[in-house]
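What follows draws every value from the coordinates through simple rules; no lab data is involved. Remember, it's a predicted structure, so these values are computed and weren't measured experimentally. Backbone-built Cβ (ideal geometry, glycine too); neighbour counts: all protein chains shown.
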Amino acid sequence: MRFNPDEWRHCPQCGEALIDVEIGGLARRACGDAGCGFIVWGNPVPVVCALIECLDRERHILLARNAAWPEGKFALVTGFLERDEAPEVAVAREVREETGLEAQAVHWIGNYAFAEANQVLLVYHVQATGEIVLNEELAEVKLIPREKLKGWERGTGHAVLDWLARQPGAAR
């Protein structure tokens, strides 16, 4: 389920009807005149994403299919930050939780807006080792040779494209 503040009808604090207002030039939903003054800011959620390089599997790249996704749809392993958790720690934890792999090194790729899901993607290249053991969130994974990996023009695919462009021998 996606967070969509535009669908909220009542204040989560006091129950009054929400109304449309303009704050700082942006449309927002806020608690009505008789309410508590609550504002639905709708800020994007930070999500950590791992482009996993399997060091003990010929350096193949692991892509995952979430259990809720249709057959054939794969992307990077992703997850949410925990309270007081650094993003680079969170991405290593998500890799371990979802795939069973242990991060050996974590390198920053970049941040990417993913407006469709109201998220900011914090993407890392994670070099990992170990036995692949999927948790309940993932339906399957596939291992792709580095030279055959291709990016895509949506979500985490932009980070894959950027990472590929930075690899030695990449077409410039």
Go through the chain and flag any cysteine with no other cysteine's C-beta closer than 4.7 Å, please. CYS49, CYS54
Burial ordering of CYS49, CYS14, fewest other beta-carbon atoms within 10 Å first: CYS14, CYS49
Net dipole in debye of the chain [+1 Lys, Arg Cβ; -1 Asp, Glu Cβ; about Cα centre; nearest 20]: 620
Whole-number D in µm²/s for the chain (Stokes-Einstein; Kirkwood sum over Cα pairs; 37 °C, 0.692 mPa s): 183
Can you list the residues, at least 5 places off or on another chain, whose amide H is less than 5 Å from the amide H of LEU81, using H built in the peptide plane? VAL48
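Helix-only mean residue ellipticity at 222 nm, the chain, DSSP H runs n ≥ 4 weighted -39,500 (n - 2.57), per residue, nearest 500. What is it? Could the numbers behind the result be given before it?
Numbers: 2 runs with 22 residues, N = 172.
The per-residue figure over the chain is -4000 deg cm²/dmol.
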Note on segment 119-172: contact order normalised by length, alpha-carbon pairs under 8 Å, 6 or more apart, percent, works out to 25
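About its Cα centre, how strong a charge dipole does segment 1-94 have in debye, to the nearest 20, once Lys and Arg get +1 and Asp and Glu get -1 at the Cβ? Don't skip to the end; give the middle numbers.
Details: 10 positive and 15 negative charges, 46 e Å.
The dipole magnitude comes to about 220 debye.
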Using Cα centres only, tell me the gap between segment 100-114 and segment 121-155 in whole Å. 10
So, relative contact order of the chain in percent, Cα under 8 Å, 6 or more apart, is 21
Explain nothing, just compute: Karplus ³J(HN,Hα) = 6.51 cos²θ - 1.76 cosθ + 1.60, θ = phi - 60°, for every residue of segment 105-114 in order, whole Hz, x for Gly and Pro. 7, 10, 10, 5, 9, x, 10, 9, 6, 10
